[in-house]
Amino acid sequence: AQSVAQPEDQVNVAEGNPLTVKCTYSVSGNPYLFWYVQYPNRGLQFLLKYITGDNLVKGSYGFEAEFNKSQTSFHLKKPSALVSDSALYFCAVRDINDYKLSFGAGTTVTVRA
Amino acid sequence: NAGVTQTPKFQVLKTGQSMTLQCAQDMNHNSMYWYRQDPGMGLRLIYYSASEGTTDKGEVPNGYNVSRLNKREFSLRLESAAPSQTSVYFCASSEGGLFYGYTFGSGTRLTVV
């Protein structure tokens, strides 16, 4: 069965500093990986995905994620965080045997001015 | 704007009452999903519909029923609401293939008293 772990409930960074949100996954075959962001009182919005190809994937709002097969990780990164990046971030995975996405528990990011 | 529309946005029910959450998408997506979001638990799948005419149970189906009325609409029914069903409910849709993520609605905040 597929699963996702987000080991940090909260991440706090200062504006202008690098931001990293961690995600590890477990699948039986090749993974299809996604990141979503949720702003307060809103639905989830798609940020980026990894299907195949380059291990570094670029997405919306200056975010990128690095796929590492040996470490089964897909960490979300932003070189310089903004206060407006404060939100709840979800990692999700799907393997080839299941078209449904499995979501992590989410990581709350707070960027202080 | 194209997307997933959920109604209502807010609802308060008394224990034992019934209600139906409505969801409609206008992207011609094949698959639709109902999730509930609870603090610290991320998103949990209640029911899904891989295609028009089919529905299947997810992780937490007890106390819920669904109807895929047509390709556009996927409703979630609570037959006898319980306080444990207090949550934020999200509907999502997808083209259904392995490469595609989900498009989410803005959610329904349900309180059962």
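Once the convex hull of the C-alpha atoms of the range B:56-113 is built, how many Å³ does it hold per residue, rounded to a whole number?
On the way: hull volume 5.9 nm³, N = 58.
Enclosed volume per residue, from the Cα hull, is 101 Å³.
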Checklist entry - log₁₀ I(q)/I(0) of chain B at q = 0.18 Å⁻¹, via Debye over equal Cα point scatterers, no solvent, to two decimals? => result -0.84
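Quick one: work out Rg over Rh on the C-alpha atoms of the protein assembly as shown, Rh as Kirkwood radius.
On the way: Rg = 17.6 Å, Rh = 18.0 Å.
Reported Rg/Rh, Kirkwood definition of Rh: 0.97.
Over the whole of A:102-110, what's the average partner chain Cβ count within 10 Å per residue? Rounded to a whole number, please.
Numbers: counts 4, 8, 2, 6, 6, 0, 0, 0, 0.
Mean shielding by partner chains, rounded to a whole number: 3.
Per residue of A:36-48, count partner chain C-beta atoms within 10 Å of its C-beta, then hand back the mean as an integer. Before the final figure, lay out the partial values.
On the way: counts 4, 0, 5, 0, 0, 5, 3, 14, 12, 2, 5, 1, 1.
That works out to 4 on average.
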Item to check | Under 19 Å from B:Lys71, Cα to Cα: lysines that are on another chain or at least 8 residues apart | outcome: A:Lys100, B:Lys57
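Placing +1 at every Lys and Arg Cβ and -1 at every Asp and Glu Cβ, with all other atoms neutral, what dipole size does the range B:8-98 have around its Cα centre, in debye to the nearest 20?
Values: 9 positive and 8 negative charges, 45 e Å.
Using Cβ point charges on Lys, Arg, Asp and Glu, the range B:8-98 gives about 220 debye.
By average Cβ neighbour count within 10 Å, what is the ranking of B:60-67, B:104-111, A:29-36, A:3-10 from highest down?
Values: B:60-67: 16.0, B:104-111: 19.5, A:29-36: 21.2, A:3-10: 14.4.
Ranked from most to least packed, the peptides come out as A:29-36, B:104-111, B:60-67, A:3-10.
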Next on the checklist: I need the phi-derived Karplus couplings for the range A:100-112: 6.51 cos²θ - 1.76 cosθ + 1.60, θ = phi - 60°, integer Hz, Gly and Pro marked x.
Outcome noted: 7, 7, 10, 9, x, 6, x, 10, 8, 9, 10, 10, 9
Item to check | Residue among B:Phe99, B:Phe74, B:Phe90 with the largest mean-square fluctuation in a Gaussian network model of chain B, springs linking Cα atoms under 10 Å | outcome: B:Phe99
Checklist outcome for this item: Cα-based Rg then Dmax for the range A:59-113, in Å, read 13.3, 44
Checklist entry - Using alpha-carbon pairs under 8 Å, 6+ residues apart, how would you state the relative contact order of chain A in percent? => result 38 percent
Item to check | Modelled FRET efficiency - R0 22 Å, A:Lys58 with B:Leu98, Cβ distances, 0.05 increments | outcome: 0.60
Next on the checklist: I'd like the distance between the alpha-carbon centres of the range B:37-82 and the range A:69-113, rounded to an integer number of Å.
Outcome noted: 24 Å
Checklist outcome for this item: The extension gain from A:Tyr39 to A:Ala14, computed as 0.36 nm times the residue separation minus the Cα-Cα distance, is 7.2 nm
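Can you compute the charge dipole magnitude of the range A:1-93 about its Cα centre, using +1 on each Lys and Arg Cβ and -1 on each Asp and Glu Cβ, nothing else charged? Give it in debye, rounded to the nearest 20. Each step should come with its number before you reach the end.
Values: 7 positive and 7 negative charges, 39 e Å.
Using only the charged Cβ atoms, the result is roughly 180 debye.
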Checklist entry - Given C-alpha coordinates of chain A, what is the ratio Rg to Rh with the Kirkwood estimate of Rh? => result 0.96
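Any read-out appearing in this document is the output of simple, stated calculations on the displayed coordinates, not a laboratory observation. Note that the structure is predicted; figures quoted are calculated from it, not measured. Glycine gets a Cβ as well: all are built from the backbone with ideal geometry, and neighbour counts include every protein chain shown.
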